[in-house]
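A.B. asks: My questions all concern the structure below.
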Amino acid sequence: MTGRANEMADPDDRRSEIAANLAAVESRIRTACEAAGRSRDEVILVAVTKTFPASDVELLAALGIRDMGENRHQEAAAKVAACVAAGLTELRWHFVGQVQTNKAGVVASYADVVHSVDRIRLVAALERAARSYGRTLTALVQVDLEPVADSAARGRGGADADETTAVAAAIEASESLVLGGVMGIAPLGGDPSEAFARLETAGRALRASYPHARMVSAGMSGDLEAAIAHGATHLRIGTALLGSRPSLG
Ligand SMILES: *Cc1c(COP(=O)(O)O)cnc(C)c1O
């Protein structure tokens, strides 16, 4: 984990660095799956490539990673275009950042999965945009995992329990959106196990109404073990694969 986004390293060095990081992450995932009595096949690794160049996406793809995550739309749109131009057309792009309603159109033009849907207006905007592009998007409801007392802060986005039900229903009713499941971000400084247990409960509640909504997007570089223990199906891993980012979220 020594790479930095703007370091012009020898491409062979970067390749071996990412390969070594991936092997370490893979080993953590396997160990956590074993501990949880789960099969490795139940968990998809989404490489969060934000701030890193398209060349890193190519290296990840060559190492067998198919799912890539981005969180800022300007950067993501350009990177997806660069990857398509380089012949990487089989990737699945996950948008994991907060989406401003007026940027939904851009996101819907390239994302396959949007993890961060937390309000009805955003559902409507994504549906309009996806339909105009003739695309189908998988949408996850982002559940607010801040402790109840802090939820006024809503720093990292997310719907409360009532909103989760309403947003899920709106996604389900949208022709060009598929309800995938739930997503959550463990609060900074909190206990990730406690947060992911609440996400697991929210996911289970959702599946009671929508059995096909099986995705649980949880777990980042620092807390993937807790996420796997609580039923994560999609891990969003940046730093542990690609190194530390310049600090801009
Ligand atoms: C950046 C980001 C990640 C990856 O975080 P790391 O700690 O670098 O693994 C995961 N999820 C979201 C929503 C992110 O914005």
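The values are calculated or read from the model by the stated rules, or taken from the named source; none is laboratory data. No experiment lies behind these values; they were computed from the predicted model shown. Positions of Cβ are backbone-derived with ideal geometry, glycine not excepted, and every protein chain shown enters the neighbour counts. Keep in mind that these areas ignore ligands, DNA and RNA; they rest on the heavy atoms of the full protein, side chains included. Shrake-Rupley method; radii C 1.70, N 1.55, O 1.52, S 1.80 Å.
A.B. asks: Looking at (1) within 14 Å of the ligand (Cβ to nearest atom); (2) farther than 22 Å from Asp56 by Cα; (3) open to solvent by 40 Å² or more (accessible area, probe 1.4 Å), find the lone condition where Val117 falls short.
C.D. replies: For Val117, the exception is condition (3).
A.B. asks: With the condition kept exactly as written, say whether any residue in the stretch 142-164 is open to solvent by 50 Å² or more (accessible area, probe 1.4 Å) and within 16 Å of the chain's Cα centre (by Cα).
C.D. replies: So far as the stretch 142-164 goes, yes, one or more of its residues are open to solvent by 50 Å² or more (accessible area, probe 1.4 Å) and within 16 Å of the chain's Cα centre (by Cα).
A.B. asks: Now a separate question. Look at the stretch 58-84 and say how many of its residues are assigned to a helix (DSSP H, G or I), open to solvent by 20 Å² or more (accessible area, probe 1.4 Å) and either under 28 Å from Val182 (Cβ atoms) or out of contact with any helix residue (DSSP H, G or I) (no Cβ under 9 Å at 6 or more places or on another chain) (or both). Can you show your working first?
C.D. replies: Residues of the stretch 58-84 assigned to a helix (DSSP H, G or I): 58-62, 73-84.
After this cut, where a residue has to be open to solvent by 20 Å² or more (accessible area, probe 1.4 Å) as well, the list is 58-59, 61-62, 73-75, 77-78, 81-82, 84.
Okay, now just the ones that are also either under 28 Å from Val182 (Cβ atoms) or out of contact with any helix residue (DSSP H, G or I) (no Cβ under 9 Å at 6 or more places or on another chain) (or both), so 61, 73-75, 77.
Residues that pass the stated criteria total 5.
A.B. asks: OK, next. Taking the stretch 172-200 on its own, how many of its residues are open to solvent by 50 Å² or more (accessible area, probe 1.4 Å) and farther than 19 Å from Met220 by Cα?
C.D. replies: So the count comes out to 4.
A.B. asks: So how many residues does the stretch 225-239 have that are near the ligand (Cβ under 8 Å from one of its atoms) and crowded, with 20+ Cβ neighbours inside 10 Å?
C.D. replies: Of all residues in the stretch 225-239, those near the ligand (Cβ under 8 Å from one of its atoms) come to 236-239.
Now restrict to residues that are crowded, with 20+ Cβ neighbours inside 10 Å: 236-238.
Residues flagged as near the ligand (Cβ under 8 Å from one of its atoms) and crowded, with 20+ Cβ neighbours inside 10 Å within the stretch 225-239 amount to 3.
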